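The values are calculated or read from the model by the stated rules, or taken from the named source; none is laboratory data. Predicted, not measured: the structure shown is a model, and the values here were computed from it. Counting neighbours? That spans all protein chains shown, and the Cβs are built from the backbone with ideal geometry, glycine included. The protein model used for the area step is the full one, side chains on, heavy atoms only, and it has no ligands, DNA or RNA in it. Shrake-Rupley method; radii C 1.70, N 1.55, O 1.52, S 1.80 Å.
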Amino acid sequence: MDNNKPIGIFDSGIGGTSIWAEIHQLLPDEKTIYLADSKNAPYGQKSKAEIIALSCKNTEFLLNMDCKLIVVACNTATTNAIQELRAKYNVPFIGIEPAIKPAATHSKTQTIGILATQGTLNSELFNKNVEKFHNTKIVEQVGHGLVQLIEKGEINSPEMTKLLRSYLNPMIEANIDYLVLGCSHYPYLIPQIKKILPEHIHIIDSGEAVARQTQNVLKEKVGLSNIKNREPLFYTNSDPKVLSEILGNKYEVIEKDF
């Protein structure tokens, strides 16, 4: 396999750029192609069959771009479709799951909170992981409406603050000391979340761990690029403005129907 082929990354929208940023920081010489399926966001309210179909569509787009490895930068797509993707396509896949283990391991109150989509919390893979930590109380909360507001660029809106307070206050009352962000969109809400949570509550997302796993799999199975400083590519099937803004208007975003 050609080591200099790109890494493909897809999400149900702009949120997976939080994962892309971690990968790009750790592996700056790797060419990356990011695919935002914003037209179909959020995935969390769709059926398992729909999520698998969309994940296959995204994978095939990236394989047609000659990607050597694909990162499923979406918790819902990972927990519902990654087994099918690995069975169907001959390319390494990296998934993203809520970081329950570090939260449960380090919790002193033995109570952690998980903010995620309905699709992630209902998935078989997520519930299998939860069963491993039966000594920890896990307070689950569906983040209804959060992805839609992020996709509209309304991260700091009064509506977002109101929703976050309604989701986080019951967790605070339940005495959580770790909050796990179970959706790749949610790291963009960390500044807002920190204003609501007491200082002793730690926030965990999966971005850095996914980047490290991507590096490990490249080293073991594919090989690292030896071409330096290649510009990333970003595709969206929706209005490119919000994706461009969340990237700091540093990169071209290509609007493409897929």
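Cut-off 10 angstrom, C-alpha nodes, Gaussian network model of the chain. Which of 184, 47, 123 fluctuates the most?
47
Could you go through the range 190-202 in sequence order and give the Karplus-derived ³J(HN,Hα) for each residue, using 6.51 cos²θ - 1.76 cosθ + 1.60 with θ = phi - 60°, rounded to whole Hz, and x for Gly and Pro?
4, x, 5, 4, 5, 6, 9, 7, x, 4, 6, 8, 8
Determine the equivalent ellipsoid of the chain by diagonalising the alpha-carbon gyration tensor, then write out the semi-axes as square roots of 5 times the eigenvalues, largest first, rounded to whole Å.
Computed over the chain, the values are 29, 20, 17 Å.
For residue 251 and residue 63, what does the FRET efficiency come to when R0 = 22 Å and r is the distance between their Cβ atoms, rounded to the nearest 0.05? All intermediate terms of the calculation are to be shown ahead of the outcome.
Numbers: r = 22 Å, r/R0 = 1.01.
Efficiency, from the Cβ-Cβ distance: 0.50.
Of 142, 123, 8, which is farthest along the charge dipole of the chain in the positive direction, counting Lys and Arg as +1 and Asp and Glu as -1 at C-beta?
The Cα lying farthest towards the positive end belongs to 123.
Output wanted: per-residue J couplings in Hz (rounded whole) for the range 76-91, from phi through Karplus 6.51 cos²θ - 1.76 cosθ + 1.60, θ = phi - 60°, x for Gly and Pro.
5, 5, 4, 5, 9, 10, 5, 5, 5, 4, 5, 6, 8, 10, 8, 8
Non-local amide H neighbours of residue 182 (under 5 Å, H modeled in plane, Pro and chain starts lacking H): which ones?
115, 116
Ordered by packing density, taken as the mean number of other Cβ atoms within 10 Å over each peptide's residues, highest first, how do 155-161, 92-98 rank?
92-98, 155-161
On the protein heavy atoms, probe 1.4 angstrom, tell me the percent of accessible surface of the chain carried by carbon and sulfur.
Here carbon and sulfur together make up 46 percent of the probe-accessible area.
For the ranges 30-38, 199-207, 215-223, what's the packing order if you count other beta-carbon atoms within 10 Å of each residue, average per peptide, and put the highest first?
My ranking of the peptides, most packed first, is 30-38, 199-207, 215-223.
With an 8 Å cut-off on Cα pairs and a minimum separation of 6 or more residues, tell me the relative contact order of the range 132-258 in percent.
It rounds to 18 percent for the range 132-258.
Working out 0.36 nm times the residue gap between residue 230 and residue 169, then minus their Cα-Cα distance, what length gain in nm do you get to one decimal?
Residue separation times 0.36 nm, minus the Cα-Cα distance, leaves 17.6 nm.
Can you give the calculated 222 nm mean residue ellipticity of the chain, where each DSSP H run of n ≥ 4 adds -39,500 (n - 2.57) and the sum is split over every residue, rounded to the nearest 500 deg cm²/dmol?
Computed ellipticity for the chain at 222 nm equals -12000 deg cm²/dmol.
Do you know the Lys pair count in the range 160-258 for C-alpha distances under 15 Å, with sequence separation 8 or more or different chains? List each step's numbers first, then the result.
Details: 162/194; 162/195; 241/250; 241/256.
The number of close lysine pairs in the range 160-258 is 4.
Rounded to whole Å and ordered largest first, report the semi-axes of the equivalent ellipsoid of the range 150-204 derived from its Cα gyration tensor (root of 5λ). Please list the in-between numbers first.
Numbers: eigenvalues 72, 31, 17 Å².
Sorted largest first and rounded, they come to 19, 12, 9 Å.
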